[in-house]
Amino acid sequence: MKKMQSGHSRPKGWQLFANNKLALTGFVVVCFICLLSIITPLLPLAPPDITAPAQRLKLPFHESYWLGSDHLGRDILSRLLWGTQVSILVGLSATFVAALLGSAIGLVAGYAGRRTDNILMRGIDMVMAFPYILLALAIVAVLGPGLMNALYAIAIVNIPFFARNIRGVTLGITHREFIDAAKLSGKNHFQIIFSEILPNVLPTIVVTMSTTIGWMILETAGLSFLGLGAQPPQSDLGSMLGEGRKLLFTAPHVSIIPGLMIFFLVMGINLMGDGVRDVLDPRLKSGVLSRPLAKTTDMREDKNAMKPDNVNFFTVQNLKTEFQIGQDVYKAVGGVSFSLSPGECLGLIGESGSGKSVTAMSLLGLVPSPPGRIVGGHVFYEEEDLLNANLERLRALRGNKIAYIFQDPLASLHPLLTVGEQIVEAVQAHNPVRFKQAWEQAIALLDKVRIPNAGKLANAYPHQLSGGMRQRVAIAMALANQAEILVADEPTTALDVTVQAQILKLLKELQKDRNLSILFITHDFGVISEICDKVAVMYAGKIVEEGTVSHILSHPAHPYTRKLIDCVPVMGQSHKRLEAIPGIAPLVNRLPEGCAFSSRCSFTGDGCRKGKIDLTPVTAGHLVRCIKPLETLP
């Protein structure tokens with residue numbers, strides 16, 4: 001494992017780009033070709049236009065012609081390098097012209113909408129009504145053959161490509177809340193377009209440009225191939241290809257060599273463009289630009305362990321999950337242990353960023369890798385360590401024996417499928433039943449979670465339901481396959497108080513009816529007191545206190561737990577001041593020695609900042625990670 005450094009935790013753009021091996025390969029190829037083109041005037045090459053009929057059609061590796069000669073005796077290497085220079089300049093110029101005009105049209109049309117959008121897009125539609133290569137030929141025919149005229153033609157026919165792409169992305173951004181906030185802050189339309197919308201569509205513009213540069217080179221080569229681009233004696237890759245087509249069988253090297261240069265140049269540009277797109281998109285800056293694996297990477301040293309005899313049917317032992325981002329290691333879960341009995345509800349509580357959700361996702365290998373990885377611990381379900389299970393076994397458990405309810409149902413539900421269809425998918429994923437039978441089961445589940453007129457609302461889309469209804473649908477999906485363990489990750493945080501109470505009541509009834517074991521994640525002790533039997537308090541990736549809800553609410557032993565309880569308003573005590581916890585939680589990539597809460601605790605002493613502090617019993621069944629428990633203070 002790399003040592004953590006004190007520099008920036010987020011890797012630099014070049015580091016991100018270099019992690020994408022294909023993009024790096026494309027970059028090296030393009031840089032090599034561009035370097036050759038730049039230094040071409042300095043190389044000891046024969047003039048590209050000097051003919052020598054006596055030296056015609058020399059084969060490659062000739063003593064005077066490294067890549068051979070063409071039908072007029074001209075040096076192919078010299079013409080290739082000079083022609084590549086011309087093709088790259090034309091491709092770049094045409095791309096920038098098309099990108100500038102097309103992106104401007106797309107941004108204005110997508111942001112302004114209505115009549116402006118209609119007028120601009122109808123003009124773009126008129127251009128797109130013609131096959132682009134035929135339109136380019138028509139433009140060149142009107143302007144006359146020549147390289148500059150070919151550049152203008154290629155740029156014009158590619159403007160609609162940029163305009164359509166950028167307009168589509170802009171439309172999806174224009175009505176977002178941060179645009180409304182920018183308007184409310186007093187920004188004018190020009191400022192909103194350039195400071196709010198343009199940075200969000202820039203990755204799309206870049207990847208579109210990277211693809212288009214390759215097209216521009218190919219299209220320019222096509223026009224030159226037909227004799228409408230570069231005119232003799234000037235050469236570019238397309239004209240060289242056209243001149244060599246008649247000699248394909250007698251002297252194939254005359255056409256194959258420029259063809260290979262076009263292939264490597266265009267392929268390298270496309271690969272490099274994908275890498276640049278990833279670097280410019282902040283959502284992809286995870287340190288490794290790879291698609292997340294279906295199972296979290298397991299990097300534990302001790303993967304084989306026997307389940308102790310004195311633990312419950314679901315037990316987590318010393319679970320450790322980390323994130324490698326750049327050269328920093330974030331210890332999101334730093335050795336968490338807990339257990340669940342059948343029909344028991346354990347509350348996992350703590351501030352945002354304390355590691356609750358990562359703990360829950362680690363149980364079935366759902367933490368995205370890269371950058372996440374499990375580096376220690378065991379998760380026992382009955383007699384099986386789930387961290388050792390293969391992907392097929394995990395798929396059999398996910399949504400079947402162990403189900404999840406996520407915080408935001410609007411984000412976790414598919415926007416293009418009705419809620420009934422999504423429950424049917426959950427049923428059919430683990431049961432070989434026909435659609436009709438699964439549909440009937442879906443309606444029964446919706447009715448079970450108290451959705452009125454379930455038969456009708458099963459045909460509704462998620463956006464047509466209220467937040468409480470969507471959360472009930474998510475619960476119905478989690479219960480579709482007789483789950484034994486339910487992981488509820490802050491399922492009531494985004495709901496109002498009335499709906500929250502209904503959801504909690506529903507979960508309690510389902511727990512009783514089905515003997516469900518529930519891992520309930522929240523940051524509200526008021527919710528914990530309503531539904532949970534036991535509670536584990538997390539801070540900075542570790543459990544700092546654990547015990548029964550009733551005992552911890554009445555006798556909290558850790559100062560952090562005391563602070564969390566004091567943040568909950570009490571009915572009938574309106575005069576009570578709600579105290580905020582001072583300071584902020586430490587970064588899990590730079591955890592302090594000793595107690596992580598020491599910088600925010602009013603009882604901190606010298607011993608709190610030294611060594612390792614373990615969970616120790618205060619009373620039977622009550623554990624605390626503190627050398628000065630509140631129970632022992634005078």
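The values are calculated or read from the model by the stated rules, or taken from the named source; none is laboratory data. The model shown is predicted, which means the values in this text are computed figures rather than measured ones. Every residue, glycine as well, gets a Cβ built from its backbone with ideal geometry; the counts of neighbours run over all protein chains shown. All accessible areas refer to the heavy atoms of the entire protein, side chains included, with ligands and DNA or RNA removed. Shrake-Rupley method; radii C 1.70, N 1.55, O 1.52, S 1.80 Å.
So that you can scan it fast, the table gives a plain yes or no per residue for (1) at pLDDT 85 or above; (2) under 20 Å from the mean Cα position of the chain (by Cα):
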{"residue": "ASN270", "(1), (2)": "no, no"}
{"residue": "LEU284", "(1), (2)": "no, yes"}
{"residue": "MET306", "(1), (2)": "no, no"}
{"residue": "ASN310", "(1), (2)": "no, no"}
{"residue": "LEU319", "(1), (2)": "yes, no"}
{"residue": "VAL336", "(1), (2)": "yes, no"}
| message | If I ask for residues that are open to solvent by 50 Å² or more (accessible area, probe 1.4 Å), farther than 30 Å from HIS430 by Cα and not in a helix (DSSP H, G or I), which ones from the range 495-518 would you list? | response | ASP496
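Conditions tested, residue by residue: (1) small (Gly, Ala, Ser); (2) more than 27 Å from VAL29 (Cα to Cα).
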position	(1), (2)
THR174	no, yes
GLY186	yes, yes
HIS189	no, yes
ILE197	no, yes
VAL207	no, no
GLY227	yes, yes
ILE256	no, no
LEU260	no, no
| field | Members of the range 200-220 found to be farther than 30 Å from LEU241 by Cα and open to solvent by less than 70 Å² (accessible area, probe 1.4 Å), listed by number | value | VAL201, PRO203, THR204, ILE205
| request: Answer yes or no as to whether ARG114 is at positive phi, among the charged types (D, E, K, R) and open to solvent by 20 Å² or more (accessible area, probe 1.4 Å). | output: yes
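Per-residue answers, yes or no, for (1) in contact with a Gly (Cβ under 8 Å, 6 or more places away or on another chain); (2) of a type in the set (S, T, N, Q); (3) modelled with pLDDT of 75 or more:
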| position | (1), (2), (3) |
| --- | --- |
| ASN188 | no, yes, yes |
| ILE193 | no, no, yes |
| ASN200 | no, yes, yes |
| PRO203 | no, no, yes |
| SER210 | yes, yes, yes |
| GLN231 | yes, yes, yes |
| GLY244 | no, no, yes |
| LEU248 | no, no, yes |
| query | Residues in the range 339-359: is at least one in contact (Cβ under 8 Å) with a residue 12 or more places away in the chain, under 23 Å from the mean Cα position of the chain (by Cα), within 30 Å of ASP513 (Cα to Cα) and open to solvent by 30 Å² or more (accessible area, probe 1.4 Å)? | reply | yes
| field | Residue under evaluation PRO556, criteria (1) within 19 Å of LYS356 (Cα to Cα); (2) of a type outside the set (Asp, Glu); (3) part of a loop (DSSP other than H, G, I, E, B), criterion not met | value | (1)
| field | Candidates MET148, MET126, MET121, filtered to the one that is surrounded by 15 or more Cβ atoms within 10 Å (Cβ to Cβ) and either closer than 18 Å to MET216 by Cα or among the aliphatic types (A, V, I, L, M) (or both) | value | MET121
| Scan of the range 129-145 for residues that are surrounded by 12 or more Cβ atoms within 10 Å (Cβ to Cβ) and either assigned to a helix (DSSP H, G or I) or among the aliphatic types (A, V, I, L, M) (or both), ordered by number | TYR132, ILE133, LEU135, ALA136, LEU137, ALA138, ILE139, VAL140, ALA141, LEU143
| request: Taking PRO11 as the residue in question, decide whether it is under 28 Å from the mean Cα position of the chain (by Cα), open to solvent by less than 50 Å² (accessible area, probe 1.4 Å) and either modelled with pLDDT of 90 or more or more than 30 Å from ALA136 (Cβ to Cβ) (or both). | output: yes
| Going by the structure shown, is VAL537 within 30 Å of ILE565 (Cβ to Cβ), under 34 Å from the mean Cα position of the chain (by Cα) and either aliphatic (A, V, I, L, M) or part of a strand (DSSP E or B) (or both)? | yes
| remark: Here the residues within the range 519-561 that are among the polar types (S, T, N, Q) and open to solvent by 10 Å² or more (accessible area, probe 1.4 Å) are SER529, THR548, SER550, SER554
| query | Do any helices (runs of 4 or more DSSP H) lying entirely in the range 376-472 carry at least 2 residues that are among the β-branched types (Val, Ile, Thr), open to solvent by less than 40 Å² (accessible area, probe 1.4 Å) and closer than 22 Å to LEU486 by Cα, and which ones are they? | reply | 419-428
